[in-house]
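Below is one structure; the comments refer to it alone.
The values are calculated or read from the model by the stated rules, or taken from the named source; none is laboratory data. Values in this document were obtained by computation on a predicted structure and should not be read as measured data. Counting neighbours? That spans all protein chains shown, and the Cβs are built from the backbone with ideal geometry, glycine included.
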Amino acid sequence: MTNERPQRPPRSPAVAGTFYPREKEALLAAIKESFLCERGPGRVPRKTDELPARKIVAGVVPHAGYVYSGPVAAHLYLELGEARPPKTVVILGVNHHGTGGLFTLSDEDWATPLGVVPTDRELLKALGRPPVEIDARSQRLEHSIEVQLPFLQYLWGNRFSMVALQVTFMDLPLLTEVGRIVRDATAGKDVLLLSSTDLSHYLPPEEAAHWDGEALRALQTLSPGELYETVVSNDISMCGIAPTTALLSALEDRKLRIRLLKQGTSGDAEPMETVVGYASLALEP
């Protein structure tokens, strides 16, 4: 007999078969198509025995169905895939469903059709300071973090771990405090930060282009306050304003530049009267 507790099963994918294919080979083909299609970067990451050190410390990436936002996301994942993987990726996601606490961590490992991504338990513990709490149930229906994982697995296989942090929209001081917790917990560690967000939602293309431009202008100042106030005061329907504000707050004391890698909308995939906006951006020294 043994006193060992049974291993806890990983979180099951919530949007496999809808946002991305459920079957492994179909999923790999969809990811490859995101890289190779006309809206993508035009190639997959080069595979070499000696990858250079990673310069990108953080990124902003969309989270819609792969047919819509996958090619935009692929521009960031191309650059990440041509450098050494981090030990851990902290993904700051949206609380689309309004479930659970305000700022929650998942202590589960996460399964996708490409395998299981382990959660970094040490970093999880460091991040679990009020107002951030562990509440895996609050994330079980959420797609904004999940859809990033197959791309990361495509790049790095099982050579990385993760922490999932779901950030609910609140006032600026609270989001800034979450950012400070992320900053303190990740200081000196080999961590990549990702904020998962789409831009304006269901607007005519010309209107979406205007408001997406305003949000991206504010984002490129690297000021969490500038981004937050621009989006809130103009009622821009950027669903990931909360995690992106927290991301910028976590990095506020670092000297970084930000590069807009690709911008697009759902209307680039097929004709539609109203569109959702997407962008991928990289932050580096």
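Observations
- Verdict on ALA126 being of a type in the set (Gly, Ala, Ser), over 20 Å from LYS47 (Cα atoms), part of a strand (DSSP E or B) and modelled with pLDDT of 95 or more: no
- Within the stretch 59-79, the set of residues being of a type in the set (A, V, I, L, M), crowded, with 24+ Cβ neighbours inside 10 Å and either assigned to a loop (DSSP other than H, G, I, E, B) or touching a strand residue (DSSP E or B) at 6+ places or on another chain (Cβ under 7 Å) (or both) comprises VAL60, VAL61, VAL72, ALA73, LEU76.
- The set of residues in the stretch 262-280 that are farther than 13 Å from HIS201 by Cα, in contact with a strand residue (DSSP E or B) (Cβ under 7 Å, 6 or more places away or on another chain) and surrounded by fewer than 22 Cβ atoms within 10 Å (Cβ to Cβ) comprises LYS262, GLN263.
- When residues of the stretch 197-213 are limited to those that are assigned to a helix (DSSP H, G or I) and among the acidic types (Asp, Glu), the one nearest to SER280 (Cα to Cα): ASP212
- The residue that is surrounded by the most Cβ atoms within 10 Å (Cβ to Cβ), among those in the stretch 214-234 that are among the polar types (S, T, N, Q) and in a helix (DSSP H, G or I), is THR230.
- Verdict on ALA208 being buried (at least 21 other Cβ atoms within 10 Å of the Cβ), more than 19 Å from GLY93 (Cβ to Cβ) and either in contact with a Leu (Cβ under 8 Å, 6 or more places away or on another chain) or at pLDDT 95 or above (or both): yes
- Which numbered condition LEU28 misses (of (1) over 17 Å from the mean Cα position of the chain (by Cα); (2) in a loop (DSSP other than H, G, I, E, B)): (2)
- Only residues that are part of a loop (DSSP other than H, G, I, E, B) and either without any contact (Cβ under 8 Å) to a residue 60 or more places away in the chain or not charged (D, E, K, R) (or both) were counted across the stretch 133-153, and they come to 5.
- Verdict on GLY40 being crowded, with 19+ Cβ neighbours inside 10 Å and assigned to a loop (DSSP other than H, G, I, E, B): yes
- Test result for THR244, modelled with pLDDT of 95 or more and closer than 18 Å to GLY65 by Cα: no
- Checking each residue in the stretch 235-272 for being in a helix (DSSP H, G or I) and aliphatic (A, V, I, L, M) picks out ILE241, ALA242, ALA246, LEU247, LEU248, ALA250.
- Any hit, the stretch 225-239, residues being within 23 Å of VAL163 (Cβ to Cβ) and touching a strand residue (DSSP E or B) at 6+ places or on another chain (Cβ under 7 Å): yes
- Scanning the stretch 180-196 for residues that are surrounded by fewer than 24 Cβ atoms within 10 Å (Cβ to Cβ) and either polar (S, T, N, Q) or part of a helix (DSSP H, G or I) (or both) gives ARG180, ILE181, ARG183, ASP184, ALA185, THR186.
- Annotation note: of TYR278, TYR202, TYR228, the sole residue that is under 23 Å from PRO41 (Cβ atoms), among the aromatic types (Phe, Trp, Tyr) and in contact (Cβ under 8 Å) with a residue 24 or more places away in the chain is TYR278.
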